[in-house]
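Just below is one structure, and these are the notes that go with it.
The values are calculated or read from the model by the stated rules, or taken from the named source; none is laboratory data. None of the values given here were measured: they were computed from a predicted structure. We place every Cβ from the backbone using ideal geometry, glycine too, and count neighbours over all the protein chains shown.
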Amino acid sequence: MGRIISIAVRLIGVGAQIYSRKWSFIGVFAVVFLSSVFTLAQFDLLPTPPASAAKNPVASENPLVMTKVMAPSEVPELPLKIEIPAISLSATIENPTTRDIGVLDQALLSGAVRYPTSAKLGESGNVVLFGHSSYLPIVRNQAYKTFNGIQKLSKGDEISVSSLGRAYTYRVRSVAKESANDAGIPLAVTGRVLTLSTCDSFGAKTDRFVVVADFVESHSISN
């Protein structure tokens, strides 16, 4: 028992001596530690952090930070209205489901008409719209003037075609006068194109003005 007490007393004494010299001990430890770090750095022996630690902690903790916000997908839509500010044109658009000439001619009496097998808004292809044009001084049905003035459009003029809840903007690429005997308007094209054409009738062999415009953008509109 006396031996254990003696050892305990000695340990306490050693601890008291170390505590009394704690600042000297800390100083020596700091010098040795910094010297070691400096030496390892000179020989490029310091450990490198794991790859995961180098990443942005915010991105790893919150994956929504890195999520790209995508625009809502466009779905094919029927065109309902066309507006061309440059020539003060505004008209409704009919969407018949048959290519029967009689049906198409009848639809032209209400405004512009989308050719049934042409593209819809929001999809690749050619959206083809026909409309009457007339420069008679007196016209009882104003639908005969639906596409009056489209031959006056210039390259770069904008055309807006809208569906029930979305507006699609196109920019004029070309304006040309074509013979009805020329090749027909292509429906399969690269990208998204809008074509406007005047006509006296779907069955008449007359000259026509054809406007071709390229898609620019689309956005939601309030009803």
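Screening the stretch 111-163 for strands (runs of 3 or more DSSP E) wholly inside it with 1 or more residues that are surrounded by fewer than 19 Cβ atoms within 10 Å (Cβ to Cβ) returns the ranges 125-131, 158-162. In the set (1) under 14 Å from Leu80 (Cα atoms); (2) in a helix (DSSP H, G or I), Thr92 fails one condition alone, (2). Within the stretch 74-110, being farther than 23 Å from Glu158 by Cα and loosely packed, with under 14 Cβ neighbours inside 10 Å holds for Thr97, Thr98, Arg99, Asp100, Ile101, Gly102, Gln106, Leu109. For beta carbons closer than 9 Å, sequence separation of 6+ or different chains, a first residue in the stretch 86-108 that is under 10 Å from Thr146 (Cβ atoms) and assigned by TED's automatic domain parsing to the domain that holds Ser162 and a second that is among the acidic types (Asp, Glu) and surrounded by fewer than 13 Cβ atoms within 10 Å (Cβ to Cβ), there are no qualifying pairs.
Within the stretch 165-190, being of a type in the set (A, V, I, L, M) and at pLDDT below 95 holds for Ala176, Ala180, Ala183, Ile185, Leu187, Ala188, Val189.
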